[in-house]
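The next block holds one structure in the form of structure tokens; read it before the comments.
Values quoted throughout were computed directly from the atomic coordinates according to the rules given, and no laboratory measurement underlies them. On a predicted model such as this, the values are computed, not experimentally measured, just so you know. No Cβ is skipped: glycine too gets one built from the backbone with ideal geometry, and neighbour counts run over all protein chains shown.
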Amino acid sequence: MAKTGQTAPTRSNLLRLQHEVEQARAGYELLDHKREVIVHELLQMLDDAEHSVHEAETRFHVAYEALIEARMRMGAERLHWASLAPAAEIRA
């Protein structure tokens, strides 16, 4: 890019500088659009993460309630021994 004060005041220099300004504006608009897309994608990822956290918390709560009920029905020691047994398929 030309330095201020060192450019001859000719029509060709004016046209060249106008073209450079147009390119700079187009570049700015492109980068601004990319920024908007990235922000939108990040917000979508944040929504997905919040949904996943909520779902995990819900499942944890259900599992914890089932554990409490099993402890009340079986007792702590039997539940402990049952937890050492090989895993069985669990259907939700």
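Worth pointing out:
- Residue within region 13-36 that is acidic (Asp, Glu) and under 30 Å from LEU79 (Cα atoms) present: no
- Considering each residue of region 77-90 in turn, none proves to be surrounded by 10 or more Cβ atoms within 10 Å (Cβ to Cβ), of a type in the set (Val, Ile, Thr) and either out of contact with any helix residue (DSSP H, G or I) (no Cβ under 8 Å at 6 or more places or on another chain) or in a helix (DSSP H, G or I) (or both).
- Any hit, region 41-64, residues being at negative phi and not in a helix (DSSP H, G or I): no
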